[in-house]
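Okay, structure first, notes after.
The values are calculated or read from the model by the stated rules, or taken from the named source; none is laboratory data. Model, not experiment: these values are computed from the prediction. When we count neighbours, we look across all protein chains shown, and the Cβ atoms used for this are built from the backbone with ideal geometry, even at glycine.
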């Protein structure tokens with residue numbers, strides 16, 4: 001069972017997921033700004049690369065590679081020494097690939113080049129886990145709203161990669177949808193992160209598994225804490 005799961009390496013959380021995320025699942029990491037979605041995704045990639053020799057790629061369509069690394073190095077999750085197992089691809093890298101190949105930077109070619117970069121990484125170096133940050137940024141490359149059919153085929157492409165995919169999605173503070181257009185029904189799993197006000201001066205970060213196909217999981221929220229250089233959960237006390 002353990003070999004069929006990708007551990008989240010959030011202390012205590014994998015115990016509530018039957019050991020982790022099933023391999024090959026496409027999982028939404030959904031939450032409003034400030035809920036540590038990027039950190040949770042990177043923590044999964046980084047620890048699986050360091051402790052389980054898993055190959056990972058973080059595809060950042062919002063932050064630059066330097067900005068992301070500066071953020072993660074504050075948690076002790078730097079890239080040094082793991083470049084053979086873990087890589088970051090940002091918009092600058094993608095633009096460079098397009099320029100070298102003399103590909104025009106338009107909405108149709110963006111998707112093609114991104115798929116090519118991911119496919120080449122899987123074929124040439126091996127790839128176990130892909131994080132895409134974010135679903136909304138990917139859609140912006142199209143310069144229009146993706147149709148429901150296009151979104152369906154995008155999720156099918158992710159699933160057919162045969163790797164575990166962490167797809168970061170922004171939630172609106174005034175909506176219960178787990179992504180802009182409620183693509184949660186297309187995903188194999190949803191991890192929901194939120195900020196919860198527990199007093200006039202205190203806010204707690206929380207995480208829960210909304211769904212995870214093929215897994216008996218706890219549906220409730222846990223407090224999400226930074227424990228030294230690690231993430232951990234504790235039981236949430238009702239407000």
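Against the conditions (1) without any contact (Cβ under 8 Å) to a residue 40 or more places away in the chain; (2) surrounded by 15 or more Cβ atoms within 10 Å (Cβ to Cβ); (3) more than 25 Å from residue 214 (Cβ to Cβ), where does residue 61 fall short? Just the number, please.
Going through the list (1) without any contact (Cβ under 8 Å) to a residue 40 or more places away in the chain; (2) surrounded by 15 or more Cβ atoms within 10 Å (Cβ to Cβ); (3) more than 25 Å from residue 214 (Cβ to Cβ), residue 61 breaks only (1).
List the residue pairs whose Cβ atoms are under 7 Å apart, where the first residue sits in segment 139-160 and is in a loop (DSSP other than H, G, I, E, B), the second is surrounded by fewer than 15 Cβ atoms within 10 Å (Cβ to Cβ), and the two are 6 or more positions apart or on different chains.
Between residues of segment 139-160 that are in a loop (DSSP other than H, G, I, E, B) and residues that are surrounded by fewer than 15 Cβ atoms within 10 Å (Cβ to Cβ), the close pairs are 141/107; 142/107; 143/107.
Does any residue in segment 194-220 that is part of a loop (DSSP other than H, G, I, E, B) come within less than 8 Å, Cβ to Cβ, of a residue that is surrounded by 11 or more Cβ atoms within 10 Å (Cβ to Cβ) and at pLDDT below 95 six or more places away or on a different chain, and which pairs are these?
Sorted first by the residue in segment 194-220, then by its partner, the pairs are 198/204; 220/236.
Does residue 94 count as surrounded by 13 or more Cβ atoms within 10 Å (Cβ to Cβ), more than 27 Å from residue 173 (Cα to Cα) and without any contact (Cβ under 8 Å) to a residue 40 or more places away in the chain?
Here the answer is yes, as residue 94 does meet what is asked.
Go through segment 48-58 residue by residue and tally those that are in contact (Cβ under 8 Å) with a residue 40 or more places away in the chain and surrounded by fewer than 20 Cβ atoms within 10 Å (Cβ to Cβ).
Summing the residues that are in contact (Cβ under 8 Å) with a residue 40 or more places away in the chain and surrounded by fewer than 20 Cβ atoms within 10 Å (Cβ to Cβ) in segment 48-58 gives 2.
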